[in-house]
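First the structure, in the form of structure tokens, and then the observations on it.
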Amino acid sequence: MNTTQPVALVTGASGDIGSAIAQALGTSGYHVIGTYVGAADAAATTVDAIKEAGGSAQAIQLDQRDPEAIEALMDSIAEEHGRLDVLVNNAAWNIGIPFRRLDDLNADIWDRVLETNLRAPFLLARAGANLLKAGNGGHIINISSAGGISPGSSSIAYSSSKAGLNHLTRCLAVAMSPEVAVNCIAPGLVENTRMAQRLPENVAEEASIGDLAPEGLR
Ligand SMILES: NC(=O)c1ccc[n+]([C@@H]2O[C@H](COP(=O)([O-])OP(=O)(O)OC[C@H]3O[C@@H](n4cnc5c(N)ncnc54)[C@H](OP(=O)(O)O)[C@@H]3O)[C@@H](O)[C@H]2O)c1
């Protein structure tokens with residue numbers, strides 16, 4: 001077990017933004033554990049890019065809607081690496097449902113969005129808390145969205161999940177300080193990403209950081 005190299009867990013490292021975050025950490029000295037749910041090839045591409053740049057990384061399949069799978073992942077990190085320095089809660093799921101089409105947002109879609117985007121970041125933080133605290137300098141970075149600040153983006157469920165993630169960030173900061181710093185990043189629309197392509201057409205046409213962010217952030 002190599003316990004000298006810091007370890008970063010990046011969820012959704014097969015996705016557009018997660019891959020970029022994983023590569024940034026991988027070229028900054030972290031051993032990166034990048035998760036994916038179905039896109040094994042994309043996760044492998046992220047790992048290969050980190051290795052080609054001289055870093056170390058591995059891809060692990062995780063359906064973060066499954067609480068037991070989250071616990072098992074953290075147990076394996078403790079066993080294999082003995083430490084966790086950074087948790088990036090990046091993975092998320094969305095589907096384009098215009099806000100006014102209330103009837104289209106059924107309970108199953110609501111649950112899938114909230115379980116993936118809000119419950120899982122909490123469960124990952126909870127399961128990783130002892131490892132993150134042990135280093136006395138741990139970090140959690142939650143990837144939220146401008147849609148969590150003002151009512152916009154792909155659906156009411158997505159916007160609500162990200163608003164919840166913003167507040168979860170504050171609550172975890174209280175729960176885990178001073179050993180762990182908990183922060184949140186809320187990007188506006190990132191063009192040409194898979195997630196942006198799932199925005200309802202009218203939202204995508206109008207969306208820009210200026211449209212989605214509250215006035216103070218424009
Ligand atoms: N793209 C944007 O315009 C934008 C704007 C604001 C905020 N964000 C936020 O930025 C983050 C990354 O977005 P992105 O554009 O990179 O999205 P993306 O390309 O769609 O990637 C989403 C990632 O989440 C993973 N994922 C989905 N469901 C999962 C589940 N049940 N369990 C585990 N992993 C799951 C996907 O795995 P697979 O690849 O294996 O399916 C993928 O790695 C998200 O939190 C998103 O809300 C994005």
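With respect to (1) touching a residue at least 12 places away in the same chain (Cβ under 8 Å); (2) of a type outside the set (Ser, Thr, Tyr); (3) within 12 Å of the ligand (Cβ to nearest atom), the lone exception for residue 181 is condition (3).
Can you tell which of 46, 4 is more than 8 Å from the ligand (Cβ to nearest atom), surrounded by fewer than 22 Cβ atoms within 10 Å (Cβ to Cβ) and of a type in the set (Ser, Thr, Tyr)? Let's see the steps before the verdict.
On the way: 46 fails: surrounded by fewer than 22 Cβ atoms within 10 Å (Cβ to Cβ).
One residue alone meets the criteria, 4.
For segment 108-131, name all the residues that are under 13 Å from the mean Cα position of the chain (by Cα) and among the acidic types (Asp, Glu). 115 - this is the single residue of segment 108-131 that is under 13 Å from the mean Cα position of the chain (by Cα) and among the acidic types (Asp, Glu). Considering the conditions (1) more than 9 Å from the ligand (Cβ to nearest atom); (2) among the small types (Gly, Ala, Ser); (3) closer than 20 Å to residue 114 by Cα, residue 196 is excluded by exactly one of them, (1). When you check residue 131 against the structure, is it away from the ligand (no atom under 16 Å from the Cβ), buried (at least 20 other Cβ atoms within 10 Å of the Cβ) and either among the hydrophobic types (A, V, I, L, M, F, W, C) or touching a residue at least 40 places away in the same chain (Cβ under 8 Å) (or both), yes or no? When the stated conditions are applied, residue 131 passes them.
Can you find a residue that is closer than 19 Å to residue 3 by Cα, free of Cβ contacts under 8 Å to residues at least 40 places away in the same chain and within 11 Å of the ligand (Cβ to nearest atom) anywhere in segment 62-70?
No, because not a single residue in segment 62-70 is closer than 19 Å to residue 3 by Cα, free of Cβ contacts under 8 Å to residues at least 40 places away in the same chain and within 11 Å of the ligand (Cβ to nearest atom).
Do any helices (runs of 4 or more DSSP H) entirely within segment 124-207 hold 3 or more residues that are modelled with pLDDT under 95, and if so, which?
Values: elements: 156-176, 194-197, 201-206.
Because the criterion is at least 3 residues that are modelled with pLDDT under 95, the helices (runs of 4 or more DSSP H) in segment 124-207 that meet it are 194-197, 201-206.
Screening 82, 96 for residues that are in contact (Cβ under 8 Å) with a residue 60 or more places away in the chain and surrounded by fewer than 16 Cβ atoms within 10 Å (Cβ to Cβ) leaves exactly one candidate, 82.
Out of all the residues in segment 87-123, which are away from the ligand (no atom under 16 Å from the Cβ) and under 29 Å from residue 183 (Cβ atoms)? Give the steps one after another, and end with the answer.
First, the residues of segment 87-123 that are away from the ligand (no atom under 16 Å from the Cβ): 98-107.
99 - this is the single residue of segment 87-123 that is away from the ligand (no atom under 16 Å from the Cβ) and under 29 Å from residue 183 (Cβ atoms).
The values are calculated or read from the model by the stated rules, or taken from the named source; none is laboratory data. Predicted, not measured: the structure shown is a model, and the values here were computed from it. When we count neighbours, we look across all protein chains shown, and the Cβ atoms used for this are built from the backbone with ideal geometry, even at glycine.
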